[in-house]
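First up is the structure itself, then whatever we jot down about it.
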Amino acid sequence: MIKALDKEHIKQIYNQTSSYYDWFHRVGTFNLDNRGRKFLVKHTVKNGDYILDAGGGTGTTGLLALEKSGLNGKLVVLDASKKMLKKAEFKAASKKYTERVTTQIGDMYEIPYPDNSFDVVLSTYSTCPLENPAHAVQEMKRVLKPNGLLGIAHSTEPNGKIARYLTNLAEKLIWKFPRLSLGCRKIDLSNEIQKPGFTMIENKLIGLVPWYFRLIILKKIQQ
């Protein structure tokens, strides 16, 4: 696994790319990113849910989720980048969702909400840049209500030997230019998602050379 960039460098990259992040990420992943977002939203969100988009950036995933949650749904978009959140606020206003959307500057290692706060927690491509993604997953689990759903999409390795070789090669080349990589690298959350207290709902691999993503949905068991 490639070593993560430090937090301040990551924040700087996302502030610098906020104005074009949406199209850049969509084109750069051959629209696989949106495929992952839609899959998670479809299988996690129901009417009236209180949703956290953790590391939500410009709010693309969170706003999709809010739309599915209906008129009684509410959304918090949490991110460390002020400029990304400003973009999220603009998008929410354009959809007339402002009253139901809260943007929150914050760290995924210390989510500033109490235990058992949210019906749904989503993290799309926001654990990949972190030095300790397992810590962030623990925080997302903490703020999720019993019987709530946690949906995560992250960069990962493919199964095939040739595809894995080509994916690793592409990652090494792109990481020579951090702004192109957006600080994102392939990670493995298999140990984290198998910990007690949660039931696996979905564990799906999508992608094509050189980009592959793991889509995970966990349900918090009622204690």
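Values in this text are rule-based calculations from the coordinates and carry no lab data. Here the structure is a predicted model, which means the values were calculated and not measured. Every residue, glycine as well, gets a Cβ built from its backbone with ideal geometry; the counts of neighbours run over all protein chains shown.
If you place +1 on the Cβ of every Lys and Arg, -1 on the Cβ of every Asp and Glu, and leave all else neutral, what size is the dipole of the range 36-164 about its Cα centre, to the nearest 20 Debye?
The calculation lands at about 560 debye.
Taking Cα centre as origin and charging only the Cβ of basic (Lys, Arg, +1) and acidic (Asp, Glu, -1) residues, the dipole magnitude of the range 136-223 rounds to 80 debye. Once the dipole of the chain is set up with Lys and Arg at +1 and Asp and Glu at -1 on Cβ about the Cα centre, which of G70, A170, L122 lies farthest towards its positive end? Result: A170. In terms of surrounding Cβ atoms within a 10 Å radius of their Cβ, D22, D33, D188, D6 rank from fewest to most as D6, D188, D22, D33.
With distances taken between every two different alpha-carbon atoms, the range 80-161 has a Kirkwood hydrodynamic radius of 14.4 Å.
Dividing the convex hull volume of the alpha-carbon atoms in the range 99-223 by its residue count gives 123 Å³ per residue.
Sparse packing (at most 11 other Cβ atoms within 10 Å of the Cβ) combined with a DSSP loop state is found for the following trypsin sites (Lys or Arg not before Pro) in the range 120-223: K176. Think of each Lys and Arg Cβ as +1 and each Asp and Glu Cβ as -1; about the Cα centre, that makes the dipole of the chain roughly 540 debye.
Highest-first packing order for the peptide set 74-84, 40-50 is 74-84, 40-50, based on the mean count of other beta carbon atoms within 10 Å. State which entries of K87/K145; K141/K219; K91/K204; K83/K172 exceed 20 angstrom in Cα-Cα distance in the structure shown. Exceeds cut-off: K87/K145; K91/K204; K83/K172. Only helices enter this figure: runs of n ≥ 4 DSSP H residues, each worth -39500 (n - 2.57), summed and divided by the residues of the chain, yield -11500 deg cm²/dmol at 222 nm to the nearest 500.
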